[in-house]
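Here's the structure, in structure tokens; my notes come after.
Laboratory data are not the source of any read-out in this text; all were calculated from the coordinates shown. Keep in mind that this is a model prediction, so the values were computed, not measured. Cβ coordinates were reconstructed from backbone atoms using ideal geometry, including for glycine residues, and neighbour counts include every protein chain displayed.
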């Protein structure tokens, strides 16, 4: 019985710490983020056009994302507004989902998340917070 109480206590403490870390991470998410690097999941940064056979480098196309504390946001490419939420390590921006690989108060690394696994390529984007 004593062991069960200790295990239950440790489980509750771990849950509380996890929730606090999640809250702190979501606060780090607020702000303006500018993409500075885009690559495939395996680290590849270049590809070849199938029609012209020309090599090109993956580009962020000056992507900037603004995430507000009221869980709304906007992005610069399509100038669209969206609602966002974070669940564990899954970040949902409107109808797109990403896995958060790294989140600090200055750096955000996200990878495309395809729950149905139908996408041919999965990109990773590295963003820096703009002050």
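If R0 is 25 Å, what FRET efficiency do you get for residue 117 and residue 50 from their C-beta distance, rounded to 0.05?
Details: r = 23 Å, r/R0 = 0.91.
Once the sixth-power term is evaluated, E becomes 0.65.
Once you put a point 7 Å from the Cα of residue 66 and another 7 Å from the Cα of residue 106, both along the Cβ direction, what distance in nm separates them?
2.4
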